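I have placed the structure first, in the form of structure tokens, so that the comments after it can refer back to it.
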Amino acid sequence: MKIDLKSKKAFTTLDVTIALMIILLFTSLIASYSYTVYLSSAEAKRTATALNYAVDIFEHIGAESFSNVRPTENLLMIDTIPELEVLDVTSDTINAKIGTYNISLKFENYQDGTKIKIITLNINYKVSRKEEETLEFKRLKVVNN
């Protein structure tokens, strides 16, 4: 009795190897894409958090009277950011920290210095292990008559 091997339908080792290589290739591509999306999402979240802190700080400063807008520790005591820690207060700057975000708030008098103050807010934070980002915002505070 003669067995006809060509008539049997089955997968060969070459078929299985090619299929596994294709699956491995697509799996690695999908994993790489997912990791890139995760990193982008994490970066966007950290930037959004920094922007929220900036908005909270400027809203708080906007609610203060012109005479109270000066570098004092009490200026940054904001109810919406309970974890804010004031590190250093100098004659024109307040340095603070909120978690991993470093904040520098600088006060300058505009020209004659009697009616307008320029407030510069810098927020520095790590985006990834190696990269840091600094956001800078400026706002004017004017005397209300």
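The values are calculated or read from the model by the stated rules, or taken from the named source; none is laboratory data. The structure displayed is predicted, hence computed values, not measured ones. Virtual Cβ from ideal backbone geometry, glycine too; neighbours counted across all protein chains shown.
Screening Ile22 on (1) modelled with pLDDT of 95 or more; (2) within 31 Å of the chain's Cα centre (by Cα); (3) aliphatic (A, V, I, L, M) shows it passes everything except condition (2). Only residues that are surrounded by 12 or more Cβ atoms within 10 Å (Cβ to Cβ), in a loop (DSSP other than H, G, I, E, B) and not acidic (Asp, Glu) were counted in the stretch 58-98, giving 8. Look at the stretch 39-66: where a residue is on the phi > 0 side of the Ramachandran plot, no partner that is surrounded by 14 or more Cβ atoms within 10 Å (Cβ to Cβ) and of a type in the set (D, E, K, R) sits 6+ places away or on another chain with Cβ atoms under 9 Å. When residues in the stretch 84-100 are screened for being under 18 Å from Thr47 (Cα atoms) and charged (D, E, K, R), 1 of them pass. Among the residues making up the stretch 76-93, those that are more than 14 Å from Val55 (Cβ to Cβ) and in contact with a Phe, Trp or Tyr (Cβ under 8 Å, 6 or more places away or on another chain) are Asp92, Thr93.
Of the residues Leu14, Leu39, the single one that is among the aliphatic types (A, V, I, L, M) and within 30 Å of the chain's Cα centre (by Cα) is Leu39.
If you go through the stretch 32-52 one residue at a time, do you hit one that is among the basic types (Lys, Arg), in a helix (DSSP H, G or I) and surrounded by 12 or more Cβ atoms within 10 Å (Cβ to Cβ)? Within the stretch 32-52, one or more residues are among the basic types (Lys, Arg), in a helix (DSSP H, G or I) and surrounded by 12 or more Cβ atoms within 10 Å (Cβ to Cβ).
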